[in-house]
Amino acid sequence: MGETVFPRRMFLWCMAAIYLVAFVSLYVQIPGLYGNDGLLPARKQLRFSGKSLGEQMLDSPTLLWLSPHLGLDTHTAMELLCLVGAALSLAATLVAGLRDSVVFFCLWALYLSMYQVGQVFLYFQWDNLLLETGFLTILVAPMTLIRGSRAVSEHDRITFWLVRWLLFRLMFASGVVKLTSRCPTWWGLTAMTYHYETQCIPTPLAWFAHQLPVWWQKLSVAGTFTIEIAMPLLFFSPLRRLRLGAFYLQALLQVLIILSGNYNFFNLLTMALCLSLLDDRHVRFWLRTAEDSQHKESKLSSWLWYILEIAVLSLVIIGAIVCFDLKVDMTARAITSKMAFTYHHFSHFLKSVIFPCVWVGVLSLTCEILVALYRCARVSGFLRRFWSTLQWTVFAAAAVAMFAISLVPFTYIEYDSTSKLWPEVRRAYTLVDRYQLVNSYGLFRRMTGVGGRPEVVIEGSNDGISWTEIDFMYKPGNLSAPPPMVTPHQPRLDWQMWFAALGSHTQAPWFTSLVHRLLQGKTDVIELIQTDVTRYPFHQQPPAYLRAHRYRYWFTEPKEDGTYPQRWWRRVYSDEFYPVVHLGHPFLENMLQQHGLKEKSPPRRQLNSAVARAVRWVRAQVSGVPAPTLIWTLVGCSATLCLLLALARRQRHATGISDPKDAAPPDAKKAVDEDYEEEEGCVGEKEGEVEDEGEVEDGENGGEDVTDDDEEEEEEVESEE
């Protein structure tokens, strides 16, 4: 694989932006979810049992144990951690020097702290994926704050390879679990005929996608299996155009999911992982910059590579045609498809491919380690070579360790394979499991809502006779309300309402807490339903009675004349989800007691330290602002500022100043050098910036640029030796 300087920088910027989205999205929901008057108060997760601080941190690794030492309650401490995480990630998006391993370690520790007390509202696969990717980012990022430089290191390709391995595990497992679940909709290739209307929070485009013909929906399922199961096998191909083809197909799938469904930052995070499939040559092609002459190949070798790549792609296409029995029906002007293999065939295929995939990973990682070792050997100067080799040893050992423990969750997709792993590997995985360093994945294992999308509708009343429906901002409810577009924000209560509708209320204890808080008229919880509380039907006075019914929802169909209907949804009553209750009702009191939601003692008095007052002041400034608006404002402003800085730098290049240091007076050379390095930090740093290949290969492992001053220092050291 070629150089990965640009993709690595793009990945680090994307991770900073995704952390920003995640922290801000969670911050606006903390009072309603985890506050003292929230659905699941976080203070109950932190039981001070008399153990030392170190023992508590080992049992439950969260910085919230420090809240009493800061004069804060748990609720305020959670808001403080989110604010620190948001500020740190925002700064990292703007300043390249802050895209550092130390900064990313802080971001990972902050999000892990929230995860430990997040309970059911933070137990999503994308939260696990963010923690795992965030830990890998610590290894990928340079040590700028410690070493003071951002140049290329010899071990960068080793750590960046771990990102590609995570992408492979994510996509391959997501495709495999759909078939191992034996879900009839996936095996019948009809899953997409239900998916668009039954997913948690669809977008307006989902309505139009749902109207596509059945043959196209079945072809979409076949394409999904090909992209998620077959194409990931090309991630480690030595043929670069095959990797690029896999990149574009993965990116296409993620873009289509973003357009048709609101899956918060999950698809953006997956696209950031896809950057590990790129190299500098392709990024230069995007930016229309010059390409190094050493990359040019002879015509004979080019044709040989082309023939081999076409042969591999042909095998993938032929395999898809055979496996899904694709045929063209000229009379119906459609492409018919069906499964041409059985569950037994697939199980046999899975057993025979799991460990070959593992060995391909071993071979690919070994190649990256050996290439990095060769580069360390080429570093000039004994001290530099020694330091580079030392760093190579540390990061190679870390990469091997991360790869080894990741094999445990990876082999979960095939039961017999897990038992064949070395016991030491499984034991190591158990030791680090609490830190969410590696996780198992598998999206859309089974298709829900085959008989109609189940949806819980809460109704309130002041007299027990006339009832008013309580509409949520994002989840379906009002038949005339269009589906929203809220990506990358995740309304966690709306998501859990979707899961609650799939079972009974006893399987979702937090729902009883929701009913109780609404009867009490708690504003923090009401703002989870409607940010503008005036749109909440009982904002002036809490309802005296509440109940919940379950309905079956479907998308409406276009009219016979081709016009669109006035309503987006149609529904049919299903059953009672929660009985009529009021404050003090025996059923409600019994459920609160049964689920441990009954307040046994009043919360401690709110502390009034300077930090607590500052946190409350920030909360007052953003109160009432919709979360998507807040998130897109921050991301948009930071991206715009980065672009403006990149355009300013390009303008200097266009005026004939190739290096700002050449145009500066000798006394100001150092200051200009620092400003020049700062400008490289934004997203636009990729534009017009061409790394010298010799600098990429000969740059010091710790990240120091090979400059004239460095060469003079090296000569002095050698002369002293």
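Would you confirm whether or not the stretch 250-261 contains a residue that is modelled with pLDDT under 95, of a type outside the set (A, V, I, L, M) and more than 20 Å from residue 194 (Cα to Cα)? No; the residues of the stretch 250-261 include none that is modelled with pLDDT under 95, of a type outside the set (A, V, I, L, M) and more than 20 Å from residue 194 (Cα to Cα). Figure legend. Inter-residue proximity from the stretch 539-563: first residues touching a residue at least 12 places away in the same chain (Cβ under 8 Å) and more than 24 Å from residue 207 (Cα to Cα), second residues open to solvent by 80 Å² or more (accessible area, probe 1.4 Å) and part of a loop (DSSP other than H, G, I, E, B), beta-carbon distance below 7 Å, spacing 6+ or different chains. Indicated pairs: 543/462; 544/462. Based on this model, can you work out whether residue 335 counts as open to solvent by less than 60 Å² (accessible area, probe 1.4 Å), modelled with pLDDT of 90 or more, in contact with a helix residue (DSSP H, G or I) (Cβ under 6 Å, 6 or more places away or on another chain) and not in a helix (DSSP H, G or I)? Spelling it out, residue 335 is indeed open to solvent by less than 60 Å² (accessible area, probe 1.4 Å), modelled with pLDDT of 90 or more, in contact with a helix residue (DSSP H, G or I) (Cβ under 6 Å, 6 or more places away or on another chain) and not in a helix (DSSP H, G or I). Taken together, 306, 248, 263 contain a single residue that is within 29 Å of residue 486 (Cα to Cα), surrounded by fewer than 16 Cβ atoms within 10 Å (Cβ to Cβ) and out of contact with any Gly (no Cβ under 6 Å at 6 or more places or on another chain), which is 248. Every condition in (1) within 24 Å of residue 287 (Cα to Cα); (2) of a type outside the set (Ser, Thr, Tyr); (3) not in a helix (DSSP H, G or I) holds for residue 51 except the one numbered (1).
Any residue at all in the stretch 355-365 that is open to solvent by less than 70 Å² (accessible area, probe 1.4 Å), free of Cβ contacts under 8 Å to residues at least 40 places away in the same chain and farther than 20 Å from residue 422 by Cβ? No, the stretch 355-365 contains no residue that is open to solvent by less than 70 Å² (accessible area, probe 1.4 Å), free of Cβ contacts under 8 Å to residues at least 40 places away in the same chain and farther than 20 Å from residue 422 by Cβ. Being open to solvent by 70 Å² or more (accessible area, probe 1.4 Å) and part of a helix (DSSP H, G or I): is that true of residue 369 here? When the stated conditions are applied, residue 369 does not pass them. Scanning the stretch 584-610 for residues that are assigned to a helix (DSSP H, G or I) and either at pLDDT below 90 or open to solvent by 60 Å² or more (accessible area, probe 1.4 Å) (or both) yields 586, 587, 590, 593, 594, 610. For the stretch 94-126, residues that are more than 18 Å from residue 139 (Cα to Cα) and either in contact (Cβ under 8 Å) with a residue 24 or more places away in the chain or polar (S, T, N, Q) (or both) total 15.
Screening residue 553 against (1) assigned to a helix (DSSP H, G or I); (2) surrounded by 21 or more Cβ atoms within 10 Å (Cβ to Cβ) leaves a single unmet condition, (1).
Hey, can you tell me all the residues within the stretch 80-138 that are of a type in the set (Val, Ile, Thr), farther than 26 Å from residue 633 by Cα and touching a Phe, Trp or Tyr at 6+ places or on another chain (Cβ under 8 Å)? Within the stretch 80-138, 117, 120, 138 meet the criteria. Given the structure, is residue 322 free of Cβ contacts under 8 Å to residues at least 24 places away in the same chain, in a helix (DSSP H, G or I), open to solvent by less than 70 Å² (accessible area, probe 1.4 Å) and over 30 Å from residue 285 (Cβ atoms)? No; evaluated as a whole, the condition is false for this residue. Hey, does the stretch 8-23 have a residue that's in a loop (DSSP other than H, G, I, E, B) and touching a helix residue (DSSP H, G or I) at 6+ places or on another chain (Cβ under 9 Å)? Looking for residues that are in a loop (DSSP other than H, G, I, E, B) and touching a helix residue (DSSP H, G or I) at 6+ places or on another chain (Cβ under 9 Å), one finds none in the stretch 8-23, hence no. Just to verify a result, which residue in the stretch 274-324, among those that are within 30 Å of residue 14 (Cα to Cα) and among the β-branched types (Val, Ile, Thr), is modelled with the highest pLDDT? Across the stretch 274-324, the extreme among qualifying residues is 283. Would you check if residue 84 is open to solvent by 10 Å² or more (accessible area, probe 1.4 Å), closer than 19 Å to residue 120 by Cβ, of a type outside the set (Gly, Ala, Ser) and under 21 Å from the mean Cα position of the chain (by Cα)? Taking the combined requirement at face value, the residue does not satisfy it.
Restricting the search to helices (runs of 4 or more DSSP H) fully inside the stretch 436-531 and requiring at least 1 residues that are open to solvent by less than 30 Å² (accessible area, probe 1.4 Å) and touching a His at 6+ places or on another chain (Cβ under 8 Å) gives 509-520, 523-529.
The values are calculated or read from the model by the stated rules, or taken from the named source; none is laboratory data. Here the structure is a predicted model, which is why all the values come from computation and not from measurement. Ideal geometry is used to build each Cβ from the backbone, glycine not excepted, and the neighbour counts take in all protein chains shown. Remember, those area values only see protein heavy atoms, side chains included, never the ligands or the DNA or RNA. Shrake-Rupley method; radii C 1.70, N 1.55, O 1.52, S 1.80 Å.
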